[in-house]
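Below: the structure, in structure tokens.
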Amino acid sequence: MSAMILEKLSSAVGVSGNEDAVREVILKLIKGHVDDVTLDSMGNVITYKAAHTTRGQSSTQAGLRIMLAAHMDEVGLMVTGYTSDGGIKFRYIGGMDDRLMPGLRVQIGKDRTPGVIGLKAIHNTKHNEREKAVPVESLVIDVGASSKSEAETLAPLGTYGTFLAEYRRLGNLLSGKAFDDRVGCAVLVELLQQKAYPVDVFGVFTVQEEVGLRGAGIAAYRVNPTHAFVLEGTIADDLPKKKDESPTTQLGKGPALSVLDRSVIADRRLVDHLIATADKHDIPYQFKQPGIGGTDAGAIHLVREGVPTAPISVPCRYIHGPVAVLDPRDYRNTVRLTELALRELHQMEALESASG
């Protein structure tokens with residue numbers, strides 16, 4: 001894998017509705033590798049990579065319009081108010097966990113003003129207070145301000161914030177911020193940097209997935225794809241171990257294929273094609289436990305007459321937290337599986353019925 005791509009994307013700040021910095025990184029990475037780039041009114045990046053047709057290629061294959069989607073946004077914070085002594089009140093953007101917040105380092109605004117989420121010292125807490133998570137309404141961000149007016153100047157109302165975390169190696173693994181879904185964006189960038197495919201590919205970097213799959217449906221309506229694959233970073237809850245429970249996914253076991261989550265029932269023809277491709281090329285893969293989570297597939301598959309859609313995910317520990325962890329082998333195998341699946345779509349059973 002190109003660690004540089006993932007590092008650049010992980011380090012960029014792009015909370016839902018404020019994906020500008022991520023979009024800027026992506027546009028630089030794909031420059032010269034696609035035939036067209038469009039930014040829509042929502043801020044989705046829609047790229048087009050024309051098919052490279054070969055002699056004897058079927059018209060069905062040549063007519064396929066494949067959408068590859070990965071969302072640019074990350075969960076984060078928004079400034080909602082102030083205390084008289086300079087504390088900054090905030091709310092969550094996307095799904096966050098109260099248990100993680102106290103003591104975390106954060107960064108706020110375009111200048112990335114550093115701060116820490118404050119909590120009174122354990123010496124001053126009662127026993128029953130230590131047994132439950134502190135609700136976000138009771139927390140403030142400390143940026144070193146000493147008055148309400150100073151805090152307002154440093155972080156005006158509506159300012160976005162996110163975790164302050166470094167991208168780094170963790171033994172044989174990689175850790176960093178916002179792997180959900182910068183890892184999917186990194187996979188998509190690498191796929192777009194490859195030579196042309198035998199099908200038209202629309203690589204779409206979507207906005208506002210974390211607050212309700214808002215960008216993906218609009219982009220899919222514009223692209224009007226025949227099929228779609230959604231590239232995601234998904235839950236790996238293999239550590240700490242769960243007793244007598246199967247993990248959602250595990251690191252090191254390969255890309256995770258979904259058959260069912262809370263947003264979509266994956267198209268079985270596409271899932272079978274991914275399985276056949278992986279088996280043919282000895283690519284490890286696993287199945288994500290059904291019924292957990294959701295992706296942009298939930299919006300894409302409902303567009304127009306319906307779009308056969310399947311998610312392909314890189315397992316990541318601790319997503320929606322300050323730091324996530326992944327295995328670079330899973331990342332590489334996700335890129336390889338998706339690339340080969342695109343190049344061998346003509347081998348997919350029931351291709352014509354799946355495209356119309």
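Read the figures in this text as sums done on the coordinates, not as results from a lab. The model shown is predicted, which means the values in this text are computed figures rather than measured ones. Methodologically, a virtual Cβ is constructed for each residue, glycine included, from the backbone with ideal geometry; neighbour enumeration extends over all protein chains shown.
Could you grab the relative contact order for region 76-162? Cα pairs under 8 Å, six or more apart, rounded to a whole percent. Display every interim value, and only then the final one.
On the way: 159 pairs, mean separation 39.9, N = 87.
Worked out over region 76-162, it gives 46 percent.
Taking the Cβ of Glu190 as the center, what net charge do the other residues with Cβ under 11 Å away carry, scoring Lys and Arg +1 and Asp and Glu -1?
Once all neighbours under 11 Å are counted, the net charge is +1.
Quote the convex hull volume per residue of region 282-338, based on C-alpha atoms, as a whole number of Å³.
Details: hull volume 6.5 nm³, N = 57.
Convex hull of Cα atoms, per residue: 114 Å³.
Give me P(r) over region 84-226, computed from all C-alpha to C-alpha distances, binned every 5 Å, as integer percentages.
2, 7, 13, 15, 15, 13, 12, 9, 6, 4, 2, 1, 0, 0
Determine the distance separating the Cα centre of region 205-226 from the Cα centre of region 238-283; give it in Å without decimals.
23
Within the chain, what percent of beta bridges assigned by DSSP are antiparallel, to the nearest 5?
Given both bridge residues lie in the chain, the antiparallel proportion sits at roughly 60 percent.
Loop-only GluC sites (Glu not before Pro) in region 128-174, please: DSSP not H, G, I, E or B, and at most 14 other Cβ atoms within 10 Å.
Answer by residue number: Glu166.
Quick one: compute the contact order of region 190-343, relative version, from alpha carbon pairs under 8 angstrom and 6+ residues apart, as a percent.
The normalised contact order for region 190-343 reaches 33 percent.
Rank these for me by crowding, His346, His227, His320, going from fewest to most other beta carbons within 10 Å.
With the sparsest Cβ surroundings first, the list reads His346, His320, His227.
Aspartates and glutamates within cross-link reach of Lys280: Cα-Cα under 18 Å, excluding same-chain residues under 8 positions apart?
Asp272, Asp330, Glu339, Glu344, Glu349
Please arrange Asp40, Asp20 by counting, for each residue, the other beta carbons lying within 10 Å of its beta carbon, fewest first.
Asp20, Asp40
Could you work out the relative contact order of the chain? I mean the mean sequence separation of Cα pairs under 8 Å and 6+ apart, divided by the number of residues, in percent.
Values: 825 pairs, mean separation 80.2, N = 356.
Relative contact order, the chain: 23 percent.
Relative to the longest principal Cα axis of the chain, at what angle does helix 179-192 sit, 0 to 90 degrees, rounded to 10?
30
Taking one equal scatterer on every alpha-carbon of region 76-162, how large is log10 of I(q)/I(0) by Debye at q = 0.13, 0.17, 0.20, 0.23 1/Å?
-0.39, -0.66, -0.88, -1.12
Please go through the residue pairs Lys177/Lys241; Lys28/Lys110; Lys110/Lys253 and name each one whose alpha carbons sit more than 27 Å apart in this structure.
Table pairs above 27 Å Cα-Cα are Lys110/Lys253.
If you look at just the Cα atoms of the chain, how large are its Rg and its Dmax in Å?
Cα only, the chain: 21.3, 76 Å (Rg, Dmax).
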